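Comments concern the structure below.
Bear in mind these aren't lab numbers, they're just calculated from the coordinates by the rules spelled out. What you see is a predicted model; the values in this text were computed from it and never measured. We place every Cβ from the backbone using ideal geometry, glycine too, and count neighbours over all the protein chains shown.
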Amino acid sequence: MTTLPPIPQPEWYHAFADQRAWFGIPHFLNVASNALFLGLGLAGLWQLASGRLTLIDSRERWPWGVFFLGIAATGITSAYYHWAPDHAGLFWDRLTMAIAFMGWLAAHLAERVGVRVGLVLLPVLLALGPGAVVYWSLSEAAGAGDLRPYGFMHFYPALLVPILVWLFPPRYTRAGDVLVVLALYAAALAAEWLDRPIFALTGTLSGHTLKHGLAALAVYWALRMLQRRHPVGDAERAHAR
């Protein structure tokens, strides 16, 4: 990251392919598709609060709660941003996404390395992730925009979590679901970069709207994993090693 020059946020980023307004709502599909995040985030929070998700240690609910809270909040801030895309709205969108990413990373540190490690690092990550978004916004306001810290904090969990999966034995079954979540999110990012080609191909669905759908599917898969997994027994743990 430090070897790269500062990376400003380009203005063209806000010019999404699908500019259609429906029911008086501009950029309707990009706005409305964020309801998926709000619904899934609230569902995750409700299932955590009701004790329906499998947790060996009840303290594990804190990083997962941060994750689902960030997802639910992203459903609101992303809809706000896509209503009238600009740097100011993008700040709030990225801020809540950073909260979700840091909760996701802390949850896997708690599961793979140790609950205490995840809980101790959770506030540190919540300072670093959103802090990188604040830094980007302040740098843009100063006329020297720099996305490098945000880019690092964005992609760091996607790189570290597979390493944790590889190095540390699972405490729960369905460990492979984590890789499915990451693959879906990678597909979502690819759809974002192919926003215009996908819209030109389909005529109805843009790559950015598809990104929202794939990212929401990744969140659903994470929630599904929490619903269906169970603690790994001694025999299963030995086999996993």
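Taking helices (runs of 4 or more DSSP H) as the structural unit, those lying wholly within region 144-240 and holding at least 3 residues that are over 29 Å from GLY131 (Cβ atoms) correspond to 195-202, 207-228, 234-240.
Among the residues of region 134-150, which ones are closer than 11 Å to GLN9 by Cβ and either of a type outside the set (D, E, K, R) or within 18 Å of the chain's Cα centre (by Cα) (or both)? The answer is TRP136, SER137, SER139, GLY145, LEU147, TYR150. Filtering region 206-217 for residues that are within 30 Å of THR2 (Cβ to Cβ), buried (at least 20 other Cβ atoms within 10 Å of the Cβ) and of a type outside the set (Lys, Arg) leaves a non-empty set. Every test in (1) closer than 18 Å to ALA100 by Cβ; (2) surrounded by fewer than 17 Cβ atoms within 10 Å (Cβ to Cβ); (3) of a type outside the set (Gly, Ala, Ser) is passed by MET153 save one, and that test is (2).
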